[in-house]
Each structure stands twice: as structure tokens, then as C-alpha cells.
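FYI, it's all coordinate maths here, none of it is from the lab. The structure displayed is predicted, hence computed values, not measured ones. All Cβ positions, glycine included, derive from the backbone under ideal geometry; neighbour counts span all protein chains shown.
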Amino acid sequence: MKFHFSRKQLCIPYAVFLVCFVILPMLLIVFYAFTAENETGNLTFSFNNFIGFFSSPSKWQTLGVSVTISLIATFFCVLIAYPLSYILARSGWKKSNVLLTLFILPMWLNFVLRITALRELLDMIGFLGNYDYVNTIIGMVYDFLPFMILPIYTQLLKLDKTLLEASKDLGAGAFTTFTKVTLPLSMPGVYSGITMVFVPSMTNYVVSETLGNSNITILGKLIEEYFSTYANWHMGSMISIILLVIIFLSMLATGGFKNDNENSRGSNLW
Amino acid sequence: MVKKKKAIDSLSVIYCILVLTFIYAPILLLMIYSFNSAKVIGEEGSFSLKWYIALFQSEKVVTILINTVVLAFIAATLSTILGTAGAIGIFYSKKKVNRVVQIANQIPIANAEIVTALSLALLFSLILLPRTYFSLIVGHLVLCTPFVVTSVLPKLKQMDNNLYEAALDLGATPAQALRKVVIPQIQPGIFAGFMLSITLSLDDYIVTAFTKPKTFDTISTYVYNAVKNASKSDLPLIRALSAIIFLLMIVIVIVMMVKSSSKEEEKR
């Protein structure tokens, strides 16, 4: 049989890669989450990890702390990023892209180095060690702000300017035009920003460990502890599943499945 | 009316300056103190280059720097090849295959990094593979390749498909047509995917920590551990390191921007 080259076949190496290193590992997580070791050391199907998680007050607390920190960090990201993106997009300046780069430039500096820099500043002003939660939230906002600025800015830039003129011609004031035209049309950008900030804020334990003086446990840290410290793969996997459910729900809430992912993390970076 | 507009303009400027201060204050503080002999920021000291000298004399740090950069280049090159081929394959596949692969491609993008890291660690632990350079590379490929695919696919959609057919009609083999017609048209997407991969790999901590060999360190893992163990002797070195990397980044970004804007001028 002669080998016929076809463009479709170019997909095969990547498909195999995805099966081996994305799908199979994720199935392993599901497997470990719903199994437990019995007395003889065999793995059996079990809801123990699920029950174990939700009957533990400390785990409820971690869940609550993670979600609260993420919500606050996401809120402040929107609060800071929206006016900024609005100013940049509406400035009418031909080189507003250059200005935008100024705001996302630190993104190219390694994020651990960035967080370390922030830690030194917080240390200097006496925050470090005293306000663990405040520091962690400042850190999340500091780290993820560009992920909020980029999609909102892109969305505002796409906005059809004739709509604004139409609104003005029809007698709406600047404020009404903003609340009735600009804001609703820019919401897709806000939503994709939210998904890009909310999930990492629940899981990026580098920020909470570095700035919270190791006093704050978020979900990501808990998973790491169960894998590295306690060597309990089952509970680690169960927490991952719970995290996945939260991610799924947050994507559902922000319509993350609908948009074409053109605003996905880093897509406007280069 | 004019007065009101002016007031809004100056408010805007003040707002931008405030945000910029927030963004740059930590980095500037670090840069300034990297030239100071004080070990702890805020302590008295004088101008000194000793941290920079110590940095380059530290074999450990230089090795880590090289490790990080080499890893990023290997990961970016491999994921660009894998992802570009994947994207072309996806684009020309049947609708069903197209959809399935694209959904699988979205998993690492939407997933929390810690879950990706844990899933890979489970896989490697289960097949009793010790953490090696191979597992680390696989981790970074999982991280980067989906973004290469998402950068290349839109360029394929924009492409004029008739050109490929024309090349075949004119006697090119499919491989030739691909190399001479398709690749040049999607090149901006490939390049963007490559650069994004470099950035993602350089920036990563969590997946690296879960897949790396014990004795191997990147900038991220080294700095995180140094800060966590409150190793005060490393902090000044880290300041100097950050200052150098940040300046380097600024130069690279400016060069890229000038290049891309001059390209746009050409188009006009």
C-alpha cells in the first residue's frame, strides 16, 4: 500500500498527544477522586472523598476563603480595568496601542519575580505579616489586572462609533449613552476578563503563600498539599473535581462557552 | 462645555497615572534598591553594584537562568511544530474530528493550572516515571501547544483556499503546496504562537513544580523557594535579577512594536 500524504494526517501527532497527556490524565483525576483504598490495599469505588471534603469544616473554610478572595480580587480588577480601558479606547489617540502596552508591560516579567517585588514593597510599608488577606488580594489584583484590561479594551475598541452618534442624535446624554449603549456592548469583554481572573485567583497559591505569609490556604494550595505533603491522591483529585465544577459554573454564568475564545488568555499579547 | 471636557481629560490623566503607579511602584522600588548596598529595602546603604557582581558570580543563578531560557526555547519550538501541524490537520478534517480535537484543545486553556499539573503528576507517578527533563517538557507542551493552535487556526480561516488548489493544479505535490503556499500565509499566527509559548513557559511556576526533576530549577521555582524559606541572602540577588530581566523585556517589546508598526506602514 502506498502512503498518501494528506493534510488531515497532520492532526494525528497532536491528537495522540492530547489523548496521552490531557485526556488520560484528566480521567485519572476522575478515577482517583471516586476511589479509595480498602483494608486489603485494593482500590474500590467510593464516595468517601466527596463526603470527607464536605464534612470537614476546615475544607469548607478553604472553599469559602478561596471564593471570597477571588470575588473581591475580580471585583477590584473590573473596577480598576474598566475605566482605564474606557479612557484608553476612547482617547482617540492614534497610538493608544502604545499606551496600552505601557499598562501590560509588567506582564512580560516573570510573575514570581513580580509578586516578590510586591512583597518587598508591602514589607517596606509594614503590611507584610500584618494584613495577610489584604496583601493576598492586592497581589491577585496586581498579577491579574492585565487579563482584565486586555479583553475590555479590545471589546471597547470594536464598538461601532456610529451607534454612539445615533444615541446622541436621538437625544441621549453622555451618561445615558454610556449605560444604554457602551456598557451593554462591552460586557462580553468584561465577562471574558472575569473568567480569566476568577479561576487563577482561587488556585494560584504562589500569590497567597508569598504575600499571605503562608497563613492563607486557597484551593490550589490544598491540592498541592494533598499531593506533595500528605501523598493522598484521592483527596487531591476530589478537590480538583470540585474546582472543575466551580470553573464550569463560572463559565456558564459568564457565557464563556459562547464566545469564540478570541479573548482567551494572552491572545492579544503578541 | 469645553471646561467640562478639560476637567474630564485631566481626571483621565490622573487616573492613568494612579494605575501606572500601582503597576510600576514595586518594580521601580526593586530596581532602585538593586543598586544599593542595603540587604533589606528601607535600610541605609550606598550606591553599589555588588549584587550584580554577586549575581553573575553565582554559578547557581547563572545555571538557573540558562535552564529557564533553554527550556522555554525547546518547549516553544516543539509546541509550535506540534500545534501548527495540529491546527492545519484540524482545519482540513471532517467536522466531527474538527470539533472533538478543538474541544480537547480547550481543556488545558480553561482548566486551572493546578489541575493540569496534578493530572500530569498522577500520570507520571502511575507509570513510575521519575520526574525527568522529559516530563518537564511534556508539562510545558501541555501548557503552550493549545495556544499555538488557537493562534494558527484563525489565520487558516482567513486564508484563500483556492491558492492551495491552484498550486496542486500547477503540479505541486501536497507537501510542496503546504510548504510554499499554506505556511507563508499563516506565518503571523505561527510566530504569535511561538512568542506566546515562550512567554507562558518563562512565566510558569505550578506545572513546572509538579513535573520538574528534583535538582532542576527555573527562575520561578528558585525564586519562590528562596522567598518562602525567607533566605535573606538571596533577596538582593533576586532584585538585581529582576531589574536585568525587566530591562531586557522592555527592549524586546519595544523592538517588536517598532517592527510591527513599520510593517503596518508598509501595508499602507
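Past the 34 angstrom mark, what percentage of all C-alpha to C-alpha distances in the protein assembly as shown do you count? Across the protein assembly as shown, Cα pairs with separations above 34 Å total 43 percent. Using the Cβ of B:ALA209 as centre and a radius below 15 Å, the other residues enclosed give a net charge of -2, where K and R count +1 and D and E count -1.
Rounded if a/c is under 1.5, else prolate if a/b is larger than b/c, else oblate: which is the stretch B:60-267, with a ≥ b ≥ c the root eigenvalues of its Cα gyration tensor?
Numbers: a/c = 2.79, a/b = 1.55, b/c = 1.80.
In terms of gyration-tensor shape, oblate.
To the nearest 10 degrees, how steep is helix A:111-124 against the longest Cα principal axis of chain A, on a 0 to 90 scale? Tilt relative to chain A: about 80 degrees.
Rg and Dmax of the stretch A:17-77, based on Cα coordinates, read 16.6, 51 Å. Between amide H atoms placed 1.01 Å from N, distances below 5 Å from A:THR35 occur with A:SER46, all of them 5 or more places distant or on a separate chain.
Altogether, the Stokes-Einstein calculation at 37 °C and 0.692 mPa s, with the Kirkwood radius of chain A over Cα pairs as Rh, returns a diffusion coefficient of 153 µm²/s. Hey, which of these cross-link pairs are over 30 Å Cα-Cα: B:LYS95/B:LYS259; A:LYS158/A:LYS221; A:LYS161/B:LYS4; B:LYS228/B:LYS259; A:LYS180/A:LYS221? Those over the limit are B:LYS95/B:LYS259; A:LYS158/A:LYS221; B:LYS228/B:LYS259; A:LYS180/A:LYS221. Taking Lys and Arg as +1 and Asp and Glu as -1, the other residues whose beta-carbon sits under 13 Å from that of B:VAL149 total +2. Among residues other than B:GLY45 with Cβ under 15 Å from its Cβ, the summed charge is +1 (Lys and Arg +1, Asp and Glu -1). Based on the alpha-carbon gyration tensor of the stretch B:1-160 and its eigenvalue square roots a ≥ b ≥ c, which shape applies: rounded if a/c is under 1.5, prolate if not and a/b is larger than b/c, or oblate? It comes out oblate by the Cα gyration axes.
List the DSSP H helices in chain B whose Cα atoms stretch 24 Å or more along the helix axis and whose mean Kyte-Doolittle hydropathy is at least -1.0. Once both thresholds are applied, what remains is B:2-34, B:59-92, B:133-158, B:183-203, B:235-267. Under 5 Å between amide hydrogens, built in the peptide plane, is the criterion, and for B:ASN36 it picks out B:SER48 among residues at least 5 positions away or on other chains. Within the stretch A:71-154, the proportion of Cα pairs with more than 18 Å between them is 49 percent.
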